[in-house]
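Undergrad: Questions regarding the structure given below will be posed in turn.
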Amino acid sequence: MSELAKMANPAPESYSPKDKPVILCIAEYYAANNKNIGTSKMRKIVKTYKHEVPALRFIGKKYGESDSVDGFGHLWSEWSEKGWFNIIEKQIDGEIKDTCEDGAAPIGLIGGSGTQEEPMTYWIGLFMPKNTPVPKGFKHIDFSERKFGICWVYGKPSELYGNYGQCVEKINENGFDWHEDSKWCFERYVSPRFTIPDDKGNVILDIGFFLK
């Protein structure tokens, strides 16, 4: 399995991101060289649900496996340093949090099947209202009105990634209907459940899918 398919390298269990912005938490989770992604039995899916979203425009930057340097932490760091999320948010007059449920959360959007004909891609960006202007240097993908299927993956930061198969099983167990764009899934980094650990040092990462 490729590094991109494994969603490489979050941070060690000892990392505590209290009082840090979500973007820095993501960068540091990805930056550490933890080779045990997907092996822990301690993580668990604590909630599976769906919610409706309007037509959305995802705005961000597209990356591939050639952009991975022991993971994608350096890319999240670059987003933080260059203020790219702020640039996207300034394209609308209203509050980004009103775009949809948990609309203010940074997104890691994963696409493709991982084949030679359709290589996997990793996008960093935000879900924005439809027809939002796209700033220079960014790309966009338009998605029609639909539902998001969400799994809350609970555990230590080093345990959260590479859990997509279990999440798919949970979506199926709940009888949710897949959208034709089901080749896409995403990581949604919602504050504070992702940024502030509980008393056991655990956080929650949202893994999302496209449903009818």
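Undergrad: On the basis of being under 18 Å from G108 (Cα atoms), out of contact with any Gly (no Cβ under 8 Å at 6 or more places or on another chain), among the aliphatic types (A, V, I, L, M) and in a loop (DSSP other than H, G, I, E, B), does V168 make the cut? If you could, list the steps in order and put the result at the bottom.
TA: Numbers: under 18 Å from G108 (Cα atoms): yes; out of contact with any Gly (no Cβ under 8 Å at 6 or more places or on another chain): yes; among the aliphatic types (A, V, I, L, M): yes; in a loop (DSSP other than H, G, I, E, B): no.
The answer is no for V168.
Undergrad: On to the next question. Could you tell me whether G125 is surrounded by 13 or more Cβ atoms within 10 Å (Cβ to Cβ), under 20 Å from N163 (Cβ atoms) and either of a type outside the set (F, W, Y) or modelled with pLDDT of 95 or more (or both)? Even if it seems obvious, please write down each step before you answer.
TA: Numbers: surrounded by 13 or more Cβ atoms within 10 Å (Cβ to Cβ): yes; under 20 Å from N163 (Cβ atoms): no; either of a type outside the set (F, W, Y) or modelled with pLDDT of 95 or more (or both): yes.
Judged against the criteria, G125 is not a match.
Undergrad: Count, please, the residues in region 56-67 that happen to be crowded, with 20+ Cβ neighbours inside 10 Å and either of a type in the set (A, V, I, L, M) or more than 15 Å from the chain's Cα centre (by Cα) (or both).
TA: 3
Undergrad: Which pairs have Cβ atoms under 9 Å, sit 6 or more apart or on different chains, and link a residue in region 79-93 that is aliphatic (A, V, I, L, M) to one that is assigned to a helix (DSSP H, G or I)?
TA: Once the first residue is aliphatic (A, V, I, L, M) and sits in region 79-93, its partners that are assigned to a helix (DSSP H, G or I) give I88/I96.
Undergrad: Determine, yes or no, whether I196 is within 18 Å of the chain's Cα centre (by Cα) and within 19 Å of L109 (Cβ to Cβ). Show your work before the answer.
TA: Values: within 18 Å of the chain's Cα centre (by Cα): yes; within 19 Å of L109 (Cβ to Cβ): no.
No, not satisfied.
Undergrad: Please count how many residues of region 179-197 are out of contact with any Pro (no Cβ under 7 Å at 6 or more places or on another chain) and either exposed (fewer than 15 other Cβ atoms within 10 Å of the Cβ) or outside any strand (DSSP E or B) (or both). Explain how you work it out, then say what you get.
TA: Residues of region 179-197 out of contact with any Pro (no Cβ under 7 Å at 6 or more places or on another chain): 179-188, 190-194, 196-197.
From what is left, the residues that are either exposed (fewer than 15 other Cβ atoms within 10 Å of the Cβ) or outside any strand (DSSP E or B) (or both) are 179-184, 190-194, 196-197.
Matching residues across region 179-197 total 13.
Undergrad: With the condition kept exactly as written, say whether any residue in region 160-167 is among the polar types (S, T, N, Q), within 21 Å of S68 (Cβ to Cβ) and over 14 Å from the mean Cα position of the chain (by Cα). Quick ask: steps written out before the conclusion?
TA: Of region 160-167, the ones among the polar types (S, T, N, Q) are 163, 166.
Among the residues that remain, those that are also within 21 Å of S68 (Cβ to Cβ) are: 163.
Imposing the further condition that a residue be over 14 Å from the mean Cα position of the chain (by Cα) reduces the set to none.
No, the conditions are met nowhere in region 160-167.
The values are calculated or read from the model by the stated rules, or taken from the named source; none is laboratory data. Here the structure is a predicted model, which is why all the values come from computation and not from measurement. In this analysis, Cβ positions are derived from the backbone assuming ideal geometry, glycine residues included, and neighbour counts consider all displayed protein chains.
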